[in-house]
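See below for the structure under consideration.
The values are calculated or read from the model by the stated rules, or taken from the named source; none is laboratory data. Given the structure is predicted, the values throughout are model-derived calculations rather than measurements. With ideal geometry, Cβ positions are generated from the backbone for all residues, glycine too; neighbour counts draw on all protein chains shown.
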């Protein structure tokens, strides 16, 4: 017979059972809370997994897609149901890509570590994208048969960039290859040319030696010609032995070696240009050509361009750059004849050149520095012209550093015979007429005549006489030559003789002063000089006779 537990034991057992129930309830509550947390965590993980910017694929050991996140489905342009349980290889666009995927999964299975590759995938629309894969092995356990976890990102942009770089490198490589070949050919050609030049070096040296000899010969000939020209000008200047001309020649020899500005004054035809040549030929600048400018012959609109030059487009008609006379005369002498006709605005610019040696071409703001000696000439009284406001005083004082006055022919009558005979000899050579003598009566007529045109007029008279000469003795047609002027024995002043001759010439030319066949041309003087002479001698233009009825 079984013995029943005592009451106290039963109570103790009941109490233990109640305590156990309480503990079990607490454990159940704790387990429930853990399950709730696990569910919340699983939901969070699922959301992160779905909306991650990377496509996550879970493949079984045969490569079938068992799980895929939202990003992975979007990558292929499908939903999850269209992708699940499909082979990932079915979405590969090319056979080569399928081989790459198969080898890739084989490497993951073999090495059991993360492997990477790139395969072309075709989306639902047929577009091919380049997926960059990172895969790892899922080990089998009691809950899973194992497989592969694959993360796929869209590397199409990187692939295209890499492909563009590859193509660019290929093109560059081709260009480098072509350029290298071209340079090789050029180098070969240059080598041939260098060899040819080496072969012709001796010939070139010989040619240079010949050029050197020719330059020396040319220099010697140039020196000879300069000496000949110098002798010609010297002879022309030094004909005569009068006190007046000897004074001029002494002044020339005194100032020529210096760089001082010289003002040559004298009537038209007295030989002012020849004096300028004598100055230049006796100066340190004689190795360079003297530049001559006749100020009265230049149009007022062009005289600045002629003196200082201009740039292309400086004014209408300036189609090219032009070097001015002052720039041409650098390190030489410039002879400004009839300086009195220079406009006053140009006188100011010329004054700057005289003082600083600087000027600007028309159309150019840059200053040009020159070293030029200025010799000016005039047939007018510049002092009187300054007083009348026709010439700048500062310009006059700057020019009048060393004045030389060339005497008129009527003040050196003792030189007339020598001058006339020198002209006879010159024309004898050029015309082929050997004149050996001149009648005394002709010489007396030449010495009695006042010569308003000075040496130039004397030369013209001798030239006309030489043209008609038919023997060895030179004669003059005295009535035609003298007009109303008596050769000897008449007590007339020089001005009266001069006046009579000018009036006679004016009568023969119809009182035309300038132009072809005019009185100035007949007398061999400048029209302005003739008009000035007529005013001084009180010669007025005669009125034409009234027409007969």
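Overview of results
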read-out: Tally, over region 256-271, of residues that are in contact with a helix residue (DSSP H, G or I) (Cβ under 7 Å, 6 or more places away or on another chain) and part of a loop (DSSP other than H, G, I, E, B); value: 8
read-out: The lone exception for residue 438 - which of (1) crowded, with 19+ Cβ neighbours inside 10 Å; (2) more than 22 Å from residue 505 (Cβ to Cβ); (3) touching a helix residue (DSSP H, G or I) at 6+ places or on another chain (Cβ under 6 Å) it fails; value: (3)
read-out: Any hit, region 392-403, residues being out of contact with any helix residue (DSSP H, G or I) (no Cβ under 7 Å at 6 or more places or on another chain), touching a residue at least 12 places away in the same chain (Cβ under 8 Å) and not assigned by TED's automatic domain parsing to the domain that holds residue 353; value: no
read-out: Test: residue in region 490-500 that is modelled with pLDDT under 70, crowded, with 19+ Cβ neighbours inside 10 Å and either closer than 23 Å to residue 441 by Cβ or in contact with a strand residue (DSSP E or B) (Cβ under 8 Å, 6 or more places away or on another chain) (or both); value: yes
read-out: Hits in region 287-310 - residues which are assigned to a loop (DSSP other than H, G, I, E, B) and buried (at least 17 other Cβ atoms within 10 Å of the Cβ); value: 290, 298
read-out: Test: residue in region 61-81 that is over 18 Å from residue 119 (Cβ atoms), touching a residue at least 40 places away in the same chain (Cβ under 8 Å) and assigned by TED's automatic domain parsing to the domain that holds residue 135; value: yes
read-out: Filter pass, residue 298 being touching a residue at least 12 places away in the same chain (Cβ under 8 Å) and either in the same structural domain as residue 252 (by TED's automatic domain parsing) or over 25 Å from residue 244 (Cβ atoms) (or both); value: no
read-out: Tally, over region 448-460, of residues that are outside any loop (DSSP other than H, G, I, E, B) and under 54 Å from the mean Cα position of the chain (by Cα); value: 7
read-out: Any chance residue 224 is surrounded by 12 or more Cβ atoms within 10 Å (Cβ to Cβ), assigned to a helix (DSSP H, G or I) and at pLDDT below 75; value: no
read-out: Candidate set from region 319-329 (those that are in a loop (DSSP other than H, G, I, E, B) and surrounded by 16 or more Cβ atoms within 10 Å (Cβ to Cβ)); member that is modelled with the lowest pLDDT; value: 324
read-out: Residue 274 closer than 20 Å to residue 405 by Cα, modelled with pLDDT of 90 or more and touching a helix residue (DSSP H, G or I) at 6+ places or on another chain (Cβ under 9 Å); value: yes
read-out: Candidate set: region 43-62, residues that are in contact with a helix residue (DSSP H, G or I) (Cβ under 8 Å, 6 or more places away or on another chain) and modelled with pLDDT of 90 or more; chosen: the one surrounded by the most Cβ atoms within 10 Å (Cβ to Cβ); value: 57
read-out: Given (1) within 30 Å of residue 87 (Cβ to Cβ); (2) loosely packed, with under 10 Cβ neighbours inside 10 Å; (3) at pLDDT below 85, number of the condition residue 139 does not satisfy; value: (3)
read-out: Within region 237-250, considering residues that are surrounded by fewer than 19 Cβ atoms within 10 Å (Cβ to Cβ) and modelled with pLDDT of 90 or more, the one farthest from residue 414 (Cα to Cα); value: 250
